[in-house]
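Structure, as structure tokens:
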Ligand SMILES: [Ca+2]
Ligand SMILES: [Ca+2]
Ligand SMILES: [Ca+2]
């Protein structure tokens, strides 16, 4: 298969200007990347680590001599002030401390990487596995996609060897494919592989198994009871498919408090069974006039045990310094309520979303001829004329949610003992709070897969023996460096975990076991409201954790840093939704399907079409398509195909008589689109496929064709 090297990626490593941004470290460790420091901490002294040293000038003779005395030189460069060394773990720190070394990082495996995996840090986390886990790509973990179905033959899911391990329909339409087009894109955000366009559209967990639970019909709608049946089925079949994660990218108006809302209760039941449930916050962040709205979190995103996800806009760039919360992403607090005997409404007012992830104008797998792309042709990606490879744009918290679901799968592959509460705690603690956005817009911040998988790997695996205050990390694991570098810029982890109405902070959250990490409790149970004051729950939070300064009080008044006011009055720069202004009850809606009477109809459509900014880049797939065979005689078959590649040196023609063992029979020149296969045996079936050869690697194979030569 194609081996792809992206040279810009490889060359970028030595040029990262990290040394000035990583602070508060001792002298030599400030010159080492965070993942290198952790790797040294977890290696024996003689374990070998391949590292890239950035040097102030060409590597000095003294440096090379020092390297050779303890290890070896793996690679030198002509034009780049760097050198690659293979060193024992015990020697790296001393080498890094040298004045003729600027910075040391792991020689990370180079490969093609997609925007989603790069900007979240998932690409870095791939190498954080152990000999027992292998590459961190979701292998062995089942993610249930409750949505509009999945086009299972898309090559992003493995084509004929699909990773969609089972499909079931709860809509009554008796089909499990994806005529609406939403579920396929959602599944790809979580788990697309790198088979299209050099991996430009790779998802977060590209080898996870997908469980296709169809609860939205061919127009993107469903009922609450469909969804509950889907969740119920996942609980029943949890062991059969190792379902560790459920993705719910739809919602309905939040009316009832979560403790009465039947969809929330079903989510809680899955959570209590040990399943991580990721739920979209909704696209109700603005009204039809574009005014910013608070309080638009949909059900079941209001459920405290769920990981509720808002949508960030990456502007298509891997670096995060330009990232923002999208205009449409639903903001907290949650507005489910119950009414007492005096007729007074009591609102949940929980902090949500829990975190945000990329969700604007993402290019991912397209279900052929689907409803969305048919009605909104601007969503077409035109990446390939092969339906198994084509891609489309979609935007919304529906897309951000499976990005987090994929991340949860990576954490669970790295450390299968994690509870749903710990998965959520790690995702929140390691998140990257964006400047300029408040807690009710971004929760703990922007998803950081690099930090989350690294931290997950340090957590002990015998959690069931832990009590409050037990060490949380493995006995040989030091505390992690709470910094991550993505796209050349470093950021410090947010370091907080969301409670119902406030945050808790402190390193003891990741060094000491907390009662809120167990089963049978909620992660948000760590603080109590007593006489209008938030207090730590001493049986669930250890000493050393700090509460934030009163974010939100319970009864619907209150709030954070002077931003939120009482019911229905203005927030600093937005309005709080009044009751019942959203949708009709009882209907589940995926993005863009909105009751026509809603004041949010135009806004919801705008959300699906995305904030109109620079977006994820469309990379055409170079794989040859439309391979066709014409029988010419008893000894000749002629082939034609479509050239989709711009930089090939030629095409390889492959032939088989059993459709299994193919051998190369010819190599053409560039831009050639036909070939005559001669010297064949009469009355015999031949199979053909072709691929393009380029300087940076080979394309994927074309479709396979077969033909039978004429009788003599
Ligand atoms: Ca960006
Ligand atoms: Ca198409
Ligand atoms: Ca060409």
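Table for the structure above
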{"read-out": "Estimated inter-spin distance, residue 535 and residue 678, nm [label 7 Å along Cα→Cβ]", "value": "9.3 nm"}
{"read-out": "Separation of alpha-carbon centers, the stretch 464-521 and the stretch 275-297, rounded to whole Å", "value": "27 Å"}
{"read-out": "Relative contact order computed over the chain (Cα-Cα under 8 Å; 6+ residues apart), in percent", "value": "13 percent"}
{"read-out": "Rounded to 5, the percent of DSSP beta bridges in the chain classed as antiparallel", "value": "70 percent"}
{"read-out": "Percentage, to the nearest whole number, of Cα pairs in the chain over 34 Å apart", "value": "48 percent"}
{"read-out": "Length-normalised contact order of the stretch 256-321 in % [C-alpha pairs under 8 Å, at least 6 apart]", "value": "35 percent"}
{"read-out": "Neighbour-count ranking [beta-carbon atoms within 10 angstrom, fewest first] of 105, 127, 395, 69", "value": "69, 127, 105, 395"}
{"read-out": "Over the chain: helical MRE at 222 nm, DSSP H runs n ≥ 4 each giving -39500 (n - 2.57), nearest 500", "value": "-5500 deg cm²/dmol"}
{"read-out": "Full-extension gain in nm, residue 470 to residue 269, via 0.36 nm per residue minus C-alpha separation", "value": "69.6 nm"}
{"read-out": "Label-point separation in nm, residue 260 to residue 50, each point 7 Å along Cα→Cβ", "value": "6.2 nm"}
{"read-out": "Order of 690, 449, 101 - criterion: other Cβ atoms within 10 Å of each residue's Cβ, fewest first", "value": "101, 690, 449"}
{"read-out": "Extension gain (nm, one decimal) between residue 62 and residue 380, 0.36 nm per residue minus Cα-Cα", "value": "108.8 nm"}
{"read-out": "Inter-label distance for residue 661 and residue 543, nm, one decimal - labels placed 7 Å from Cα along Cα-to-Cβ", "value": "7.2 nm"}
{"read-out": "Full-extension gain in nm, residue 131 to residue 636, via 0.36 nm per residue minus C-alpha separation", "value": "176.8 nm"}
{"read-out": "Least to most buried among 654, 608 (fewest other Cβ within 10 Å first)", "value": "654, 608"}
{"read-out": "Relative contact order for the stretch 625-708, counting Cα pairs under 8 Å that sit 6 or more residues apart, in percent", "value": "36 percent"}
{"read-out": "Efficiency of FRET from Cβ geometry, residue 618 and residue 647, R₀ 25 Å, rounded to 0.05", "value": "0.90"}
{"read-out": "Fraction of antiparallel bridges per DSSP, the stretch 188-326 only, in percent to nearest 5", "value": "35 percent"}
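We did not get these values from a lab; they are worked out from the coordinates using the rules stated. For clarity, every value in this text was computed on a predicted model and none was experimentally measured. Counting neighbours? That spans all protein chains shown, and the Cβs are built from the backbone with ideal geometry, glycine included.
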